[in-house]
Amino acid sequence: MTRMRLDRFLAKCGEGSRTEVKKLIRAGQVTVDGFVCKDPGFSLDASTALVYVQDRRLHYREHHYLMLNKPAGVVSAARDRLNPTVLDLLPPEYKRLNLFPVGRLDKGTEGLLLLTNDGLLAHRLLDPKRRVPKRYRARVRGEVGEHDRRLFARGIELKDFTALPARLEILEAGAESEVEITVYEGKFHQVKRMFRAVGKEVLYLKRVAMGGLVLDPGLAPGEFRELSREELNLLRKWR
Ligand code: URA
């Protein structure tokens, strides 16, 4: 049982700010269990009440989980004075849910970014002690070979820390190479710095998986969708 005021329920469902939803309620647009309710302070059980705005049923959820295919050119912060952020990609109803990105991708990096308002899950996924795997697809200038694979597996020494052993899969080797790399920590510019340490430059980087969650190939850059129950359960394993 989750008791709350009707105006809070509507705001939590993304129907607007507290002020906006109060207007909606007072205008007689909202029914609770079949009756028009004009009292924003009306107390209801969010888990069982049948709440409609006009003829649209609202489903209450404490937390929201979105999978975004982050495009290059936007920053993975909730706010930025200079650049568009990943939250700017969302329609208004999602903007009111206090979502934030779980971890960061560089401005030029594409791919899987989880947006949620579940602070506990985010904290666990980012906890360095849990060693949550993150898999990236990268195009690299220079021929990546077996020697690099072994260096990555041993743990690359960087200026300020030694990276944990990482798994490097070479998909194509040549003047430019195509690889997949799995790392178990999330330090600033980590993948780019690891390649730089072996004398190579990352030309393109895309995160394709994190903690068992795989980027939906049907999502074009800039597109997002809610996680399925199965996907969410994969992430909850890290709790
Ligand atoms: N490593 C990087 O270098 N950049 C990212 O955006 C993510 C991992």
Quiz item: Name the strands (runs of 3 or more DSSP E) wholly within region 1-90 that hold at least 1 residues that are over 26 Å from R104 (Cα atoms) and over 23 Å from the mean Cα position of the chain (by Cα)?
Solution: 3-5, 30-32, 43-45, 51-53, 56-58
Quiz item: Is it true that E93 is in a helix (DSSP H, G or I) and charged (D, E, K, R)?
Solution: yes
Practice problem: Please work out which residue is nearest to the ligand (Cβ to nearest atom), limiting yourself to region 179-195 and to residues that are out of contact with any Asp or Glu (no Cβ under 7 Å at 6 or more places or on another chain) and open to solvent by 20 Å² or more (accessible area, probe 1.4 Å). | Solution: K192
Quiz item: How many residues does region 196-214 contain that are among the aliphatic types (A, V, I, L, M), touching an Asp or Glu at 6+ places or on another chain (Cβ under 6 Å) and outside any loop (DSSP other than H, G, I, E, B)?
Solution: 1
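Outside the structural domain of A173 (by TED's automatic domain parsing), open to solvent by less than 20 Å² (accessible area, probe 1.4 Å) and either over 25 Å from N233 (Cβ atoms) or not small (G, A, S) (or both): which single residue out of L114, L89 fits that description? It would help to see each step written out before you state the result.
Values: L89 fails: open to solvent by less than 20 Å² (accessible area, probe 1.4 Å).
Exactly one of L114, L89 is outside the structural domain of A173 (by TED's automatic domain parsing), open to solvent by less than 20 Å² (accessible area, probe 1.4 Å) and either over 25 Å from N233 (Cβ atoms) or not small (G, A, S) (or both), namely L114.
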Quiz item: With K206, K200 as the choices, which residue is touching a residue at least 60 places away in the same chain (Cβ under 8 Å), among the charged types (D, E, K, R), crowded, with 16+ Cβ neighbours inside 10 Å and within 12 Å of the ligand (Cβ to nearest atom)?
Solution: K206
Exercise. Within region 220-233, track down each residue that is surrounded by fewer than 15 Cβ atoms within 10 Å (Cβ to Cβ), over 15 Å from K206 (Cβ atoms) and either not acidic (D, E) or not assigned by TED's automatic domain parsing to the domain that holds G73 (or both).
Key: R225, S228, R229, N233
Quiz prompt | Qualifying position, being without any contact (Cβ under 8 Å) to a residue 12 or more places away in the chain and of a type in the set (S, T, N, Q), among T116, T162, T182, T109 | solution = T162
Quiz item: Is it the case that P217 is surrounded by fewer than 15 Cβ atoms within 10 Å (Cβ to Cβ) and in contact with an Asp or Glu (Cβ under 8 Å, 6 or more places away or on another chain)?
Solution: no
Quiz item: Within the bounds of region 25-48, is there any residue that is in contact with a Cys (Cβ under 7 Å, 6 or more places away or on another chain) and either touching a residue at least 60 places away in the same chain (Cβ under 8 Å) or under 18 Å from Y94 (Cα atoms) (or both)?
Solution: no
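The values are calculated or read from the model by the stated rules, or taken from the named source; none is laboratory data. Keep in mind that this is a model prediction, so the values were computed, not measured. Cβ coordinates were reconstructed from backbone atoms using ideal geometry, including for glycine residues, and neighbour counts include every protein chain displayed. Each accessible area value is taken on the protein alone, full model and side chains, heavy atoms only, with ligands, DNA and RNA left out. Shrake-Rupley method; radii C 1.70, N 1.55, O 1.52, S 1.80 Å.
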